[in-house]
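The values are calculated or read from the model by the stated rules, or taken from the named source; none is laboratory data. This structure is a prediction, so every number in the text was calculated from the model and none was measured. Every residue, glycine among them, receives a Cβ derived from its backbone with ideal geometry; neighbour counts consider all protein chains shown.
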Amino acid sequence: MNLFTSFTLLTLLILTTPIMMSHTDSHVNNKYQSYVKNIVFCAFITSLVPAMMYLHTNQETLISNWHWITIQTLKLTLSFKMDYFSLMFMPVALFITWSIMEFSMWYMHSDPYINQFFKYLLLFLITMLILVTANNLFQLFIGWEGVGIMSFLLIGWWFGRTDANTAALQAILYNRIGDIGLLASMAWFLSNMNTWDLQQIFMLNQNPLNLPLMGLVLAAAGKSAQFGLHPWLPSAMEGPTPVSALLHSSTMVVAGIFLLVRFHPLMENNKLIQTVTLCLGAITTLFTAICALTQNDIKKIIAFSTSSQLGLMMVTIGLNQPYLAFLHICTHAFFKAMLFLCSGSIIHNLNNEQDIRKMGGLFKALPFTTTALIIGCLALTGMPFLTGFYSKDPIIEAATSSYTNAWALLLTLIATSLTAVYSTRIIFFTLLGQPRFPPSTTINENNPLLINPIKRLLIGSIFAGFILSNSIPPMTTPLMTMPLHLKLTALAMTTLGFIIAFEINLDTQNLKHKHPSNSSKFSTLLGYFPTIMHRLPPHLDLLMSQKLATSLLDLTWLETILPKTTALIQLKASTLTSNQQGLIKLYFLSFLITITLTMILFNYPE
Amino acid sequence: MTLIHMNILMAFSMSLMGLLMYRSHLMSALLCLEGMMLSLFVLAALTILSSHFTLANMMPIILLVFAACEAAIGLALLVMVSNTYGTDYVQNLNLLQC
């Protein structure tokens, strides 16, 4: 217990050291990359100590360091909450970041700004850890915005490419819509509970909590790419593969789910919010799984797979199982990061080829990557006793045996089988068959900087589920009696998916399809969602605002109503009533006649 | 009234009719205006001298001064019209027509 708080703060402090080395010139030489990688490794080892201590004693800690400011009755401090969630997430995130940094030493080797890349990755990691360990909403918001900004900088890493800039901006915009929800919740908590501290919020458990919880659900939908705010995640694949592996599969996109998991004491009594998250998660997981079926870019398939798993986590939260959702976050991070690293290896070895229609036959050429890819896909689909099984199977069991929405359950089950379908598609197109790439590329995966990270994550993908499930304290009573058909649901759906997918994929070698069917077009164009929603609503909104603000307010109410109307009335009246014709001689003549008549009348009155 | 007064009054009314009934030139109006002024001056001078109305001895001279100013203004207006149109025909002065 003595070392608990100090090692936790030491972890965070170690990570800031390379940033502070910017004062010296050690950040411009090529030792910087190994330095950052070793720093992250040290932080990982340091964070294991508090995690082990927590698993031993099950005692949470709250570190409240520095009183920053008191604004009338709101006290803002720098406080870290070391509970089950943050203490388990920190080692996992640091392990994965360590592996990804070693991988990017190989992947980004020829980039001239590689030191800046490492600094950005480290900054992202620091802000993510601030988000995870935050005890008050203000610190969480700092971490929230920090990961958003680092995501922007890293997606647009190759900023000379227009698509990358567009994708980075798209990520920022969609995250901003989610931030509205978070800010609304913060404002509600401030005005109704007078605090931003999590302890006080959970203690003052007030009843009508619908508004702040809806705000939190909106924030999670924005950050974790739920349906409606999802297009930024596939577009974010414009960034380099290490960025996709770290941010958009393991760490940043789970921040929204993590937020909802943090607030689970408020959500356990609110049926409405649980139903909303359940249905939103179910729609997300099925929709993105459908979109993943016909994508041709390997990174986009894995991105949609991430989005589908995030929907599954949302479903779990909707089933009132926050601990299962958190376990799925931790286990999903391992095999998803490994899938991205394998795809990075394939892409680099095929000379930057990302289209799976141009890959093939890598089974013999890249044996180690092939192994890792297949094990990763199997773990993703929930193969028994790999990592994914220990979190995905309890989720499906909890879903099928709880008193919940049957339609959401059906969507989740269909999405589970679709997971197997697109995993088979990846394996079939990239690894099996004859090569479809030009034979002049040199394929070499013998670099230890590439092999070691994938090896570590491979061991994690196989064993981490087992180790984590057996180490964590049980938070809910597991269901002991279950009918056999419910127990085997997940396995049956997955096997069904595998069989169907393999048959269809084999068909593609024989038949020639004439035109894409309507459902195939729906899937390839991402459900027409970006096509409709990226042009039409912004155009209508801007048009309406222009009509309201400029035409109605400025031009009409302020200009035309009084000033211009007055001028117009005067003009019309003067032209109507004046009879100046410019006939001077006529006027003079009438004047003469009048004078003469007057003189005659007044001189001769009789 | 006496015959002389009648004579000068007829000269005045001749000039007045000429002012109000001119054909096409603005210059003729200005000339008739001078004629009116001249006849007024002579009438005033005769009446005041023959009635020995010493107090009003200044009136014809002041009248002459003001008439000179007015003639100058009238000529300036004529010159402006002539600058714009080249001639001083009155049918050019129809800008107020709606």
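Segment A:347-405 holds helices (runs of 4 or more DSSP H) entirely within its bounds, and those carrying 3 or more residues that are in contact (Cβ under 8 Å) with a residue 12 or more places away in the chain and within 30 Å of A:LEU479 (Cβ to Cβ) map to A:367-381, A:387-400.
The condition (being touching a residue at least 40 places away in the same chain (Cβ under 8 Å) and in contact with a Leu (Cβ under 6 Å, 6 or more places away or on another chain)) is satisfied by just one residue among A:THR294, A:THR316: A:THR316.
Of all residues in segment B:33-52, those satisfying the criterion of being under 25 Å from B:SER82 (Cβ atoms) and away from chain A (no Cβ under 14 Å) are B:GLU34, B:GLY35, B:MET37, B:LEU38. Looking at segment A:107-148, which of its residues are of a type in the set (Phe, Trp, Tyr) and either assigned to a loop (DSSP other than H, G, I, E, B) or in contact with a Pro (Cβ under 7 Å, 6 or more places away or on another chain) (or both)? Across segment A:107-148, the qualifying residues are A:TYR107, A:TYR113. Restricting A:GLN295, A:GLN274 to residues that are of a type outside the set (D, E, K, R) and outside any helix (DSSP H, G or I) narrows the list to A:GLN295. Assigned to a helix (DSSP H, G or I), under 16 Å from the mean Cα position of the chain (by Cα) and at pLDDT 90 or above: is that true of A:ASN175 in this structure? So A:ASN175 passes the test. Across segment B:16-32, the qualifying residues are those that are out of contact with any Asp or Glu (no Cβ under 7 Å at 6 or more places or on another chain) and away from every other protein chain (no Cβ under 12 Å), and the one among them that is farthest from B:LEU49 (Cα to Cα) is B:LEU30. Quick check on segment A:21-40: of everything there that is of a type in the set (A, V, I, L, M, F, W, C) and modelled with pLDDT of 85 or more, which residue is farthest from A:LEU87 (Cα to Cα)? In this case the residue turns out to be A:VAL36. If the condition is being within 23 Å of A:ASN194 (Cβ to Cβ) and out of contact with any Leu (no Cβ under 6 Å at 6 or more places or on another chain), then segment A:112-137 contributes A:ASN136, A:LEU137.
You will find that of B:THR47, B:THR84, the residue that is closer than 30 Å to A:LYS572 by Cβ and free of Cβ contacts under 8 Å to residues at least 60 places away in the same chain is B:THR84 and no other. Please tell me if B:LEU55 is surrounded by fewer than 15 Cβ atoms within 10 Å (Cβ to Cβ) and either away from chain A (no Cβ under 14 Å) or more than 13 Å from the chain's Cα centre (by Cα) (or both). Taking the combined requirement at face value, the residue satisfies it. Within segment A:214-228, being in contact with a Phe, Trp or Tyr (Cβ under 7 Å, 6 or more places away or on another chain), closer than 19 Å to A:PRO537 by Cβ, crowded, with 24+ Cβ neighbours inside 10 Å and hydrophobic (A, V, I, L, M, F, W, C) holds for one residue alone: A:ALA225.
Going residue by residue through segment A:557-572, is there one that turns out to be surrounded by fewer than 11 Cβ atoms within 10 Å (Cβ to Cβ) and within 13 Å of another protein chain (Cβ to nearest Cβ)? For segment A:557-572, residues surrounded by fewer than 11 Cβ atoms within 10 Å (Cβ to Cβ) and within 13 Å of another protein chain (Cβ to nearest Cβ): present.
Name the residue that is modelled with the highest pLDDT, counting only residues in segment A:357-402 that are hydrophobic (A, V, I, L, M, F, W, C) and more than 28 Å from A:ALA490 (Cα to Cα). Result: A:PHE368. Helices (runs of 4 or more DSSP H) fully within segment A:489-584 that include at least 1 residues being of a type outside the set (Ser, Thr, Tyr) and over 30 Å from A:ALA379 (Cβ atoms): A:518-524, A:529-533, A:536-546, A:565-577. Scanning segment A:391-405 for residues that are crowded, with 23+ Cβ neighbours inside 10 Å and closer than 16 Å to A:LYS271 by Cβ gives no hits. Scanning segment A:391-412 for residues that are charged (D, E, K, R) and over 23 Å from the mean Cα position of the chain (by Cα) gives A:ASP393, A:GLU397.
A single entry from A:LEU592, A:LEU576, A:LEU601 fulfils the requirement of being within 14 Å of chain B (Cβ to nearest Cβ), under 30 Å from B:SER13 (Cα atoms) and more than 39 Å from the chain's Cα centre (by Cα): A:LEU592.
For segment B:75-98, the tally of residues that are within 14 Å of chain A (Cβ to nearest Cβ) and not in a loop (DSSP other than H, G, I, E, B) stands at 8. B:LEU63 meets the conditions (1) outside any helix (DSSP H, G or I); (2) more than 30 Å from A:LYS572 (Cα to Cα) in every case but one. The failed one is (1). Against the condition within 14 Å of chain B (Cβ to nearest Cβ) and modelled with pLDDT of 85 or more, how does A:MET493 come out, does it pass? Taking the combined requirement at face value, the residue does not satisfy it.
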